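The values are calculated or read from the model by the stated rules, or taken from the named source; none is laboratory data. Keep in mind that this is a model prediction, so the values were computed, not measured. Using ideal geometry, Cβ is built from the backbone for each residue, glycine included, and neighbour counts are taken over all protein chains shown.
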Amino acid sequence: MCVLLAALGGFLLDLMLGDPGWMPHPVVFMGRCITALEKRLRRLFPQTPAGERWAGRVLAAALPLGTLVVTGGCLWLCGQIHPVLAFALSTLWCWQALAAKGLASESKNVYQALTCGTLVQARQAVGRIVGRDTGSLTEAGVTRAAVETVAENFSDGVVAPMVYMLLGGAPLALCYKAVNTMDSMVGYKNERYLHFGRGAAKLDDVANYLPARLAALVLVGTAVLLGEDGKTAFRIWRGDRRNHASPNSAQTEAAMAGGLGVRLAGPASYFGKPVEKPWIGEELGEAQPRDILRANRLMLGGSALCLLLLSGVRIAIMLTFGRELGWT
């Protein structure tokens with residue numbers, strides 16, 4: 001029950017406070033560890049494709065396992081001092097593992113730049129939350145990029161941490177964040193990381209496989225509950241959920257595209273190189289700035305629905321096994 005209460009407390013704190021800039025964040029520490037480990041591992045292993053792959057595999061194993069051991073150990077030590085201290089730390093880490101408020105705030109900045117500022121300001125705002133080149137994006141391109149980010153990060157910034165949080169508490173949620181952070185830093189198919197980042201990218205694909213599909217179905221259900229087009233959300237998800245090089249990213253993008261009735265994805269530029277990506281919901285309309293707010297509404301509603309569903313599953317499992325073991 002403590003895990004469930006910590007997850008609920010973390011969710012509410014995230015909705016109310018987001019990610020305060022003054023508060024040290026585990027992901028920042030993870031990023032520093034990744035940078036330091038990369039430098040050391042590149043020196044230890046041969047500078048060949050095979051050597052880089054082995055170095056990347058060591059990183060992909062060491063950071064998540066290290067995160068799990070350190071966070072689990074800290075909670076155990078706090079529990080030895082007082083259970084309330086352990087619960088408070090667990091709630092704090094559950095809060096920091098979630099990113100719903102921050103995602104909504106950053107995407108809303110893009111909306112405000114589009115409606116009250118200039119296209120240059122909107123490109124700068126969306127450049128804070130996407131990996132593609134933004135310097136030549138049109139208004140529609142900026143809007144699509146913002147909506148796609150809300151959809152994709154609903155999975156890896158909200159649903160996936162919730163899944164692991166309710167499976168194994170804050171330590172497992174932060175273990176997932178370590179995997180996701182590695183992918184965001186080294187999981188690129190460019191000259192530097194093509195081999196070194198392969199292990200991290202594959203691990204991230206595995207870690208997000210089930211959460212991404214759950215997130216997509218939650219978006220479909222949320223679209224129905226909030227009066228958006230749930231039927232089209234399901235249809236586009238069924239038809240276009242594989243329209244991405246990643247096995248997971250198009251899952252939520254397809255559900256979001258159908259729910260809002262707008263097309264997403266399409267050609268883009270990364271690191272100065274054009275990439276021909278297929279459209280998601282190609283026959284749907286062009287995204288408008290207000291669709292960013294609609295996407296946030298679906299994302300926040302879906303976050304609450306997902307927590308409710310996962311909590312119900314955890315309670316049902318606890319009750320079932322509790323009866324079998326004579327706890328209830």
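Scan the stretch 97-125 for residues that are touching a residue at least 12 places away in the same chain (Cβ under 8 Å) and part of a loop (DSSP other than H, G, I, E, B) and the total you get is 2. For the stretch 1-22, filtered to residues that are without any contact (Cβ under 8 Å) to a residue 12 or more places away in the chain and in a loop (DSSP other than H, G, I, E, B), the residue that is surrounded by the fewest Cβ atoms within 10 Å (Cβ to Cβ) is Trp22. The set of residues from the stretch 173-223 being among the acidic types (Asp, Glu) and under 13 Å from the mean Cα position of the chain (by Cα) comprises Asp183, Asp204, Asp205. With (1) surrounded by 17 or more Cβ atoms within 10 Å (Cβ to Cβ); (2) of a type in the set (Asp, Glu); (3) outside any helix (DSSP H, G or I) as the list, and Glu191 as the residue in question, which single condition is left unmet? Just one mismatch for Glu191, condition (1). Of the residues contained in the stretch 68-86, none is found to be surrounded by 24 or more Cβ atoms within 10 Å (Cβ to Cβ) and either of a type outside the set (Val, Ile, Thr) or under 22 Å from Met299 (Cβ atoms) (or both).
When the residues of the stretch 227-277 are filtered to those that are of a type in the set (Ser, Thr, Tyr) and closer than 24 Å to Ala207 by Cα, the one that is modelled with the highest pLDDT is Thr252. Looking across the stretch 252-277, the residues that are out of contact with any Pro (no Cβ under 9 Å at 6 or more places or on another chain) and not aliphatic (A, V, I, L, M) come down to Thr252, Glu253, Gly258, Gly259, Gly261, Arg263, Ser269, Tyr270, Phe271, Gly272, Lys273. Within the stretch 225-239, residues that are farther than 7 Å from Gly258 by Cα and touching a residue at least 40 places away in the same chain (Cβ under 8 Å) reach partners that are of a type in the set (Val, Ile, Thr) and buried (at least 21 other Cβ atoms within 10 Å of the Cβ) with beta carbons closer than 9 Å, at six or more positions or on different chains, in the pairs Glu228/Thr222. On the stretch given as the stretch 194-210, residues that are within 21 Å of Arg238 (Cβ to Cβ) and either among the polar types (S, T, N, Q) or surrounded by 24 or more Cβ atoms within 10 Å (Cβ to Cβ) (or both) total 1.
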